[in-house]
1. Out of the stretch 391-411, which residues are open to solvent by 30 Å² or more (accessible area, probe 1.4 Å), in contact with a strand residue (DSSP E or B) (Cβ under 6 Å, 6 or more places away or on another chain) and touching a residue at least 24 places away in the same chain (Cβ under 8 Å)?
2. Which of the residues belonging to the stretch 302-321 are aliphatic (A, V, I, L, M) and farther than 16 Å from Val285 by Cα?
3. Filter the stretch 581-640 down to residues that are charged (D, E, K, R) and more than 23 Å from the chain's Cα centre (by Cα) and give me whichever is most open to solvent (accessible area, probe 1.4 Å).
4. May I ask you to list pairs of residues, at least six apart or on different chains, whose Cβ atoms are under 8 Å apart, with the first in the stretch 330-341 being closer than 13 Å to Tyr299 by Cβ and at pLDDT 95 or above and the second being basic (Lys, Arg) and open to solvent by 30 Å² or more (accessible area, probe 1.4 Å)?
5. Do we find a residue being under 29 Å from Arg584 (Cα atoms), assigned to a loop (DSSP other than H, G, I, E, B) and open to solvent by 50 Å² or more (accessible area, probe 1.4 Å) anywhere in the stretch 167-179?
6. Could you grab me the full set of residues in the stretch 412-425 that are out of contact with any helix residue (DSSP H, G or I) (no Cβ under 8 Å at 6 or more places or on another chain) and either buried (at least 23 other Cβ atoms within 10 Å of the Cβ) or among the acidic types (Asp, Glu) (or both)?
7. Of the residues Val397, Val436, only one is assigned to a strand (DSSP E or B) and closer than 29 Å to Tyr499 by Cα; which?
8. Looking only at residues in the stretch 337-363 that are part of a loop (DSSP other than H, G, I, E, B) and among the acidic types (Asp, Glu), which one is least open to solvent (accessible area, probe 1.4 Å)?
Amino acid sequence: MKHLIASACLMALCTAGLSAAQQDGRVTQGNLVMENIPDIPASVQERLQQYANTRSAGFSDFAPDGGVYITTRFGETSQIHHVAEPMGMRRQVTFFSERTGGANVRPGGSQFVFTKDIGGDEFFQGYLFDPETAQYTRFTEAETRNGGLNWSDDGAQIAWYRQVDGDPDSDILIADPSDPASLRVALEGEGLMIPVDWSADGEQLLILRYYSITHADLYVLDVASGDLTEVNPDADVAYGGAVFTPDGDSLYVVTDEGGEFRRVVEINLADNAMRQVTPDHGWDVSGMDLSTDGETLAYVLNNGGNSELHIINPVSGETLPTPDLPLGLIGGLQFDADDARLGFSHVSAQSPGDAWTYTLETGELTRWTQSEVGGLDTDSFVTPELIEFTSFDGLEVPAFYYAAPGEGPRPVIIDIHGGPESQERPGFSSTIQYWVNELGVSVIAPNVRGSAGYGNEYVALDNGMKREDSVRDIGALLDWVAEQPELDSDRVLVYGGSYGGYMVLASLVHYSDRLAGGVNIVGISNFVTFLENTNGYRRDLRRAEYGDERDPEMYAFLQEISPANQADRITAPLFIIQGANDPRVPASEAEQILSAVREAGGDPWYLLAMDEGHGFRKKSNRDFQRAAETLFFTDVLELD
């Protein structure tokens, strides 16, 4: 039976189109619906504007004219821009009210493809853009979810996966996106299957089937015959990136086979023999790219949350020179068509994301963008300290600690990441810096058990019946806070989104007497209703992490630990934030915890955006969210 508490109220709002200023006790402002949120003073909005107007740029692809494509925001949403020369003008290319994915340039041509959804529904459509005509054309089927757009080396065709609403299986499609008649289904897939690379001759397609963060399978699809051959079929491992070697006889893959951490290995397709390519660093390889000639492999190492760039000859193992980069995070590695330059994005705690290139022959490191920071002095931004605290069972849990300046004891925000198979990393966050520098609040961002980046054993420590052990990690962190003289253990708030939102609710269930409040953003309130109502393409993937609610024993356990069934224990103030179109954590999860806490005598704040999904992407909505959060923090943390 599906539990959709208060969903009728949500549907009524959708049907009414939010034309009324107030309805059933809810105030509407444009696409925002709210309860209990006070009017926001102009002074709060004015100071937030500097932090809200920071922006970042991400490297997207090399442009045929020698420039680069980036994604950045100059209006409501992130769009594709072209930069002709380093530090040159950013010329906007796409103009949509909805966010776009990055540009993926057609090999040997000037066209590129990108994806876009509507209102955060994540049913991404694929579009082909022609710079010569400035026209774009949708080449995917309406009301389907599409991703993994992957060009063949000759640029003649593209492969991608397509999912239908409610269906966990994905088909692999191939087409020339400029010729709708060429579209064909190359594989009727089972589960989530994603095309990841073409062989150089265009005759084979490498496909990854994802089950969970610790398990995936690789297959080679014969494009002409449709024959599907599993790679390394007896292995029970995880795979990250994977590419064909230029001759098509082998693969380079990121995998954890034979160890705790991911590294790059070569798999011979004839006999599945393996050869280790990168050394055992003791940390995960988080990304890689192989040059077209196969002579250069660039990869990123996730060293305790920070990124390290390595470049090697994958055949000889020779270590090649690398650029001298500031400490931070690196993503989006990509060689250009001539194997001369490596493009990537770089971000740090004191610098928003920017696009960079590295010329291999000369060793020249080039910064292409310098993103605005709202006039702020980023030298004053706090670089986090990596700490560890001991949990209830002796486990050492890492966390990043942003200490607010000035005399203590300081109030604390515990910022819990989502996933749960994700990782808090020290990137650029104008939000955290606003909390630290303007509100005087210290921030602790823990990587509780179940987080990625610390090996297979650590990421599995919260699975199934061990779910609440990660919540006990927060209890141990509260103990650590109480031992720090510069922190005020009577003024601690928990904050998090998605799975982090569940952690907020669960922490309030167990530790309301030790917490000043909590902010739950698009969080799970009941695991059973979440698994029943999350979009069908995600359901089995989430069961691998949380457990299968169809099993009676697991059903009983999930009901027992779900915050919506323990709302009477949530006595600290609560702020609930939700997107109405969220396909991952449906809005019914927010509505039911709102109703349950209210029935138990609480009076939560509530913010619902009718044009958002899993988190707020539009700047105006995000600005209001930050301002409302500031009022909530000021109230419950007793800020000046």
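1. Step one: filter the stretch 391-411 for residues open to solvent by 30 Å² or more (accessible area, probe 1.4 Å), giving 392-396, 403, 405-410.
From the residues that got through so far, the ones that are in contact with a strand residue (DSSP E or B) (Cβ under 6 Å, 6 or more places away or on another chain) too are 396, 403, 409-410.
Selection gives Ala403, Pro409, Arg410.
2. We begin by selecting, within the stretch 302-321, every residue aliphatic (A, V, I, L, M); these are 309, 311-312, 315, 320.
If the condition is that a residue be aliphatic (A, V, I, L, M) and farther than 16 Å from Val285 by Cα, then Val315, Leu320 are the ones that fit.
3. Asp640
4. Between residues of the stretch 330-341 that are closer than 13 Å to Tyr299 by Cβ and at pLDDT 95 or above and residues that are basic (Lys, Arg) and open to solvent by 30 Å² or more (accessible area, probe 1.4 Å), the close pairs are Phe335/Arg341.
5. yes
6. The answer is Glu424, and nothing else.
7. On the way: Val436 fails: assigned to a strand (DSSP E or B).
From the options Val397, Val436, the qualifying one is Val397.
8. Residues of the stretch 337-363 that are part of a loop (DSSP other than H, G, I, E, B), as a first pass: 337-340, 349-350, 360-363.
From the residues that got through so far, the ones that are among the acidic types (Asp, Glu) too are 338-339, 361.
On the way: Asp338: 130, Asp339: 32, Glu361: 177 Å².
Applying the filter and picking the extreme gives Asp339.
The values are calculated or read from the model by the stated rules, or taken from the named source; none is laboratory data. Computed from a prediction, not measured in an experiment: that's the story for all the values here. When we count neighbours, we look across all protein chains shown, and the Cβ atoms used for this are built from the backbone with ideal geometry, even at glycine. SASA here: full protein model, heavy atoms, side chains in, ligands and nucleic acids out. Shrake-Rupley method; radii C 1.70, N 1.55, O 1.52, S 1.80 Å.
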